[in-house]
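Working notes for the structure below.
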Amino acid sequence: MTKILMVCLGNICRSPLAEGILKSKLPNNFIVDSAGTANYHIGRSPDIRSIAVATKHGLDISNLSGRQFNSSDFDTFDIIYVMDESNFMNVIKLAKNDNDLAKVTLILNEVHPNMNYEVPDPYYGGDNGFENVYQMLDEACDIIVKKLI
Ligand code: 4NP
């Protein structure tokens with residue numbers, strides 16, 4: 001059983017969307033979860049703008065709950081996708097060994113290998129930022145699914 005973790009800063013905008021999108025494309029024998037590197041939004045529902053863009057595309061992410069990434073996630077998960085370089089640095093700081101480090105990838109490197117493009121943080125932007133994020137994540141998740149199945 002392959003376990004995949006999506007990570008952003010707050011676990012309320014990008015990573016819950018990434019979780020919902022990837023879950024919807026994979027069979028049930030895959031585990032998909034999400035977490036934030038910060039502790040700001042522990043226990044909170046996703047941002048209403050992420051819930052809205054998910055709904056627009058037929059996904060319900062309203063029952064997800066924010067949690068903080070921690071070093072035991074390296075033991076639980078096989079693949080850890082981060083949204084941006086800052087998430088990457090915050091996650092690898094908690095790695096215990098090279099095996100942990102090797103699990104961490106910028107999600108858009110699945111679409112544009114080695115380019116280190118980031119999924120922009122839509123939190124302080126307008127609603128269009130959320131649609132843009134959705135499209136980026138949807139494209140990345142299609143490629144991830146092709147690799148995994
Ligand atoms: P996320 O977006 O990392 O995609 O969940 C953010 C959510 C909240 C904050 C920053 C980014 N914040 O500063 O509260």
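Where a number appears in this text, it was derived from the coordinates with a stated rule and is not lab data. Just so it is clear, the structure is predicted and the values come from calculations on it, not from any experiment. All Cβ positions, even for glycine, are placed from backbone atoms using ideal geometry, and neighbour counts span all protein chains on display.
Before moving on, here are some points about what is shown:
- Number of residues in the stretch 95-146 that are within 23 Å of residue 69 (Cβ to Cβ) and basic (Lys, Arg) equals 2.
- Contact map, the stretch 75-97: residues that are on the phi < 0 side of the Ramachandran plot paired with residues that are among the hydroxyl-bearing types (Ser, Thr, Tyr) and part of a strand (DSSP E or B), Cβ distance under 9 Å, separation 6+ or inter-chain. Pairs shown: 79/105; 80/105; 81/105; 82/105; 88/105.
- Test: residue in the stretch 13-24 that is surrounded by 13 or more Cβ atoms within 10 Å (Cβ to Cβ) and polar (S, T, N, Q): yes
- Single condition residue 51 does not satisfy, out of (1) touching a Ser or Thr at 6+ places or on another chain (Cβ under 8 Å); (2) touching a residue at least 12 places away in the same chain (Cβ under 8 Å): (2)
- Residues of the stretch 117-138 satisfying the condition of being outside any loop (DSSP other than H, G, I, E, B) and exposed (fewer than 15 other Cβ atoms within 10 Å of the Cβ): 127, 128, 135
- Any pair with Cβ under 8 angstrom, 6 or more apart, that starts in the stretch 112-139 at a residue that is of a type in the set (Asp, Glu) and ends at one that is part of a loop (DSSP other than H, G, I, E, B) and away from the ligand (no atom under 15 Å from the Cβ): 138/57; 139/111
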